[in-house]
Each structure stands twice: as structure tokens, then as C-alpha cells.
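Data first, discussion second: the structure below is written as C-alpha cells.
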Amino acid sequence: MYSTRGLSPLLALVAASAVVSRVLRLVSRSPVIMSESSKTTRRPIGRGAPVAPPNRFESTALEDDFSDLSEEDLFELHPAKVPTTFLPDASRSILCSNDSPDIPFRFSINPYRGCEHGCAYCYARPGHEYLGMNAGLDFESKVLVKHDAAELLRDELGKASWKCEPIAISGVTDCYQPAERHFKITRSLLEVMLEANQPCGIVTKNALVLRDLDLLVPMAERNLIRVFLSVTTLDQELAQSLEPRTSTPAGRLAAIEQLHAAGVPVGAMMAPIIPGLNDEEIPAVLTAVAEAGALTAAYVLLRLPLAVEPIFREWLAVNVPLKRDRVEGLIRSTRGGNLSENRFGHRMRGGGQYAEQIATTFKVFRQKLGLDQPLPPQVTDRFRPPRSSSGQQMLF
């Protein structure tokens, strides 16, 4: 669930500043179609989304129109670097639940909404539209921070109704995105979980997870933690444009190695596999993560829901124009002629001959490299309610 309580003044300020700094043109709501006339001359540096598609919930949209401006004016009006703005998230609950048969956990926590990593394919982007922002540059440059996440978790775990089961951190956005280096929200959540003997799992693309080894190691000793590093590609140049603010592929492999050496159960995710772009790397990626110490590996096939589709298609056009038609064609071959699919049982793996080839290749190398080992089971019988956010101690 998304909440906008307490955000209206801030969002109004952001919107007002945007109006002052650009020439606006009102356009009616329609399917997003990118054209040469709608593109800006200067593309944002270090961002994954080359466009800012209209919000699907808004009847009107703001579109840049710089056709009458000189290059000098354009430089002043639309700088290439887009700074990140951090906004407070006033949500009053921290645990999200789902009943999807495609997701191996019921409860999750997302310390941040929006993600500085800026992955061009990120399925979480449309969530920003619920907040009155766009799924493109807004998603990666306007990040909401749940400053009181640890206190909310204490209260949730302290309820008599809580029946201990594993909680996933980063069910949607990455809990170790660059903002975590400063805000330390994820670290505060791990401190609560260690105190309560609450099992949890982490999926991240960032080697910053190593900062918290002092918490992860004792959690591993109690069978409370498992960590997955997402390794999409070993090609540094591809990673830099596709996932601009994540750790390098080498950095992620080093994180797997250090987690394994420290005794923390660690696996790898190849997420997503993009037909025609990184699927040929499956053997190399699995070999690399196995050598680094991963115990298991899994994958997710690319899907492009809602506003993610125009963002990713524009990324293809800008970064790999010669591969664009082939990549789109192969994606459609795995999605029944479409670029996305929402059916349970199909959305994570796709269908068709090409999707079956990907699944077979992944399975063969997974078994060959010993990446089909089960991770140690997480224990729930040692749970104890943590100290409440008010400081009140438990009587019994």
C-alpha cells in the first residue's frame, strides 16, 4: 500500500520548481509514444531512464519543448546532471504482505520508495505514479525515506498477532541503494531483527551489504539470514548504462565471496535475463558466482509492465540501437507477442520456445556448477518480541 500522508507540501514544492524551470505544454492522456520531437537534446548523466513518461493516473502531463531555445539557453535550462532529492515517507506501517504464488515470501519491508540505482528495466518504477510522480527520472531522483522504519518494525513485531515467519527486505526497491550509506535505515532494521531473533532475507545489487557484516554474521550463526546478490551481467560497460548506480559486477562478486567467507548463506540472482542482450552470459555469470561462493542461483525473465515499457524501449534505442529490434522481438516471443505478462505462473519465466531454451540452459549450468544446493532453513522458534519503540519492557 502507498501513502501520501505528510507529503503534499513537499510534492507541491517540487512541482512548483519544475514549472518555473521549464517550458510546459499540456497534452491529453494517451499511450506513451516517443518521437524525436519529444526528446531533449541533453540526456541526464548517470541515470537509467532517458525519458520521463506521463503519469497514468493524471489527465494531463508536462512535456519538455525546447525547439525554440538556443544551445546556450538549453544548457542553462536543462542541465545534464539530475540531483537526487530525498523526501520523508510518512507511512504508518512497515510490513507489506502478498499472496502471490510467484513470490517465495509473504511479508516484506521496503525502507525506500524509489531507487537511486536507476535500473532501466526496474518493474518497481510504476509505483511512483501513485505518489503523483513519474516512473522515469522521478523514480530514481526523488526517493522517499522511511526514517522511522525501525520503530515501526518494533511495534509490528511486538503485536500479539505477529506469528514469526521470514521477512524479505527489498521486496520492491533495493535496501542497499546509495541512499542507505547515509540514512542507514536497512541497518536499523537488521538491528531490530537480530534483537528479536526474527529471520529475514535480503536481495541487493550493491556491495554496501558488506558494511553490515557485524550484524549479518551473528544472524547467520542463529540461522536467521540469507543474502542474494543480483548479478545481471559481467560486462562492465553494459552494467554502467543499464544499472548506472549499482555496484560493478566485480564488486558484487567480491561481496558474494566475502559473505561466503564470513559464513553468511549467500545466493545469486540473475535478474532479469533479457533475451538477446544478456541471456548468452548465463554460463559465464553462473560460473562466476559459483566460484565466488554462492550456494544457489535463480533467475527472473524480463517483463515490462506499464511505464517500464517505454522507458526500456527508449534505453534500447539510445544504448544498443542495432540490437533493439532483435531484443524486442525475442521478448515478445517469450510473452505471447507482448512485452509483458501479468499471469501468475508465467510472469517470472515467460513462455514459448525461446523462454524454454533460457530455462533449460540455466537449469543445466545451475546443476553442473552445484548451484542447486538448498540454503540452511531459517528458524522461527527462537523469536522474542523486541523492545517497543516507546522503550517499554515486556513483563513476561
Quiz item: When you go through R187, R211, R222, R226 one by one, which is the residue that is surrounded by 23 or more Cβ atoms within 10 Å (Cβ to Cβ), at pLDDT 95 or above and over 25 Å from A49 (Cα atoms)?
Solution: R226
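A quick yes/no check of all residues on (1) over 19 Å from C96 (Cα atoms); (2) of a type in the set (S, T, Y); (3) part of a loop (DSSP other than H, G, I, E, B):
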| site | (1), (2), (3) |
| --- | --- |
| A120 | yes, no, yes |
| Y123 | no, yes, yes |
| P126 | no, no, no |
| E140 | yes, no, no |
| V143 | no, no, no |
| H147 | no, no, yes |
| K159 | no, no, yes |
| C164 | no, no, yes |
Quiz item: Somewhere in the range 268-286, is a residue farther than 30 Å from L210 by Cβ and not hydroxyl-bearing (S, T, Y)?
Solution: yes
Quiz item: Do you know which residues across the range 331-376 are touching a Phe, Trp or Tyr at 6+ places or on another chain (Cβ under 7 Å) and free of Cβ contacts under 8 Å to residues at least 60 places away in the same chain?
Solution: S333, T334
Self-check item: All positions within the range 197-229 that are among the small types (G, A, S) and either touching a Leu at 6+ places or on another chain (Cβ under 6 Å) or over 16 Å from P265 (Cβ atoms) (or both)
Solution: A207
Self-check item: Filter result for the condition that a residue is touching a Ser or Thr at 6+ places or on another chain (Cβ under 7 Å) and either at pLDDT below 95 or not basic (K, R) (or both), over G391, G345, G351, G337
Solution: G351
Exercise. Can you tell me which residue among V231, V285, V266 is β-branched (V, I, T), buried (at least 22 other Cβ atoms within 10 Å of the Cβ) and within 29 Å of D138 (Cα to Cα)?
Key: V231
Exercise. Scan (1) under 29 Å from P54 (Cα atoms); (2) charged (D, E, K, R); (3) modelled with pLDDT of 95 or more for the single condition R245 breaks and write down its number.
Key: (3)
Exercise. Could you list all residues from the range 166-206 that are closer than 14 Å to F107 by Cβ, assigned to a helix (DSSP H, G or I) and under 19 Å from the mean Cα position of the chain (by Cα)?
Key: L189
Exercise. Go through L286, L277, L253 for me and flag whichever is in a loop (DSSP other than H, G, I, E, B) and in contact with a helix residue (DSSP H, G or I) (Cβ under 7 Å, 6 or more places away or on another chain).
Key: L277
Exercise. Kindly indicate whether any position in the range 254-267 is within 30 Å of L322 (Cβ to Cβ) and of a type outside the set (F, W, Y).
Key: no
Quiz item: Got a sec? Which helices (runs of 4 or more DSSP H) wholly within the range 298-396 have at least 1 residues that are in contact with a strand residue (DSSP E or B) (Cβ under 7 Å, 6 or more places away or on another chain) and surrounded by 18 or more Cβ atoms within 10 Å (Cβ to Cβ)?
Solution: 324-334, 353-368
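The values are calculated or read from the model by the stated rules, or taken from the named source; none is laboratory data. Here the structure is a predicted model, which means the values were calculated and not measured. We place every Cβ from the backbone using ideal geometry, glycine too, and count neighbours over all the protein chains shown.
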